[in-house]
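Let me begin by presenting the structure, written as structure tokens, before commenting on it.
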Amino acid sequence: MTEKPFRLLPEVGAENAHFWQGGAEGELRFLRCQACRTYVHPPAPVCPECLSRELSPEAVSGLARLYTYTLNHHSWVPGFDPPYWVAIVEIDEQPGLRLTTNLVGCSPADVKIGMRVRVCFEEREDGIYIPLFEPENS
Ligand SMILES: [Zn+2]
């Protein structure tokens with residue numbers, strides 16, 4: 001495996017630990033409203049659909065489609081070397097449930113809006129697992 005890139009790591013707390021640590025079990029997890037079953041991301045204390053406060057983490061399949069992307073060629077962050085893909089993916093379980101992420105394991109010729117992708121995780125320090133996405137059939 002190649003060396004892991006430098007990343008600005010998230011601050012993990014009670015409200016988002018399910019998301020950043022789910023990769024330890026290979027799970028992509030979002031808060032889900034237990035009243036109306038809506039997934040809520042980014043984490044919030046109240047369901048935006050029904051205003052319930054009964055939100056609990058649940059795993060999704062990790063399957064998604066590429067909603068949009070850009071291939072970055074500029075060195076914005078020292079140690080996080082271009083080129084790299086910045087992507088927004090839409091999670092299969094719910095239209096509009098979107099995640100900003102990086103695409104990995106693909107070449108420019110592979111990448112098309114609408115393509116099928118699946119989650120993979122990059123393990124970092126302090127039990128943090130960054131959810132990344134790769135082509136589903138790679
Ligand atoms: Zn709800």
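Data table
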quantity	calculated
Kirkwood Rh, Cα atoms: Rg over Rh of segment 1-45	1.08
GluC sites (Glu not before Pro) restricted to DSSP loop in segment 28-101 with at most 14 other C-beta within 10 Å	E49, E54
Point-to-point label distance, D126-R37, nm (Cα→Cβ direction, 7 Å offset)	3.6
Translational diffusion of segment 21-120, µm² s⁻¹ [Kirkwood Rh, Cα pairs; Stokes-Einstein; 25 °C; 0.890 mPa s]	164
Normalised contact order of the chain, rounded percent, pairs of Cα under 8 Å and 6 or more residues apart	22
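None of the figures in this text is laboratory data; all of them are computed from the coordinates on show. Here the structure is a predicted model, which is why all the values come from computation and not from measurement. Note that we place each Cβ from the backbone using ideal geometry, even for glycine, and neighbour counts take in every protein chain shown.
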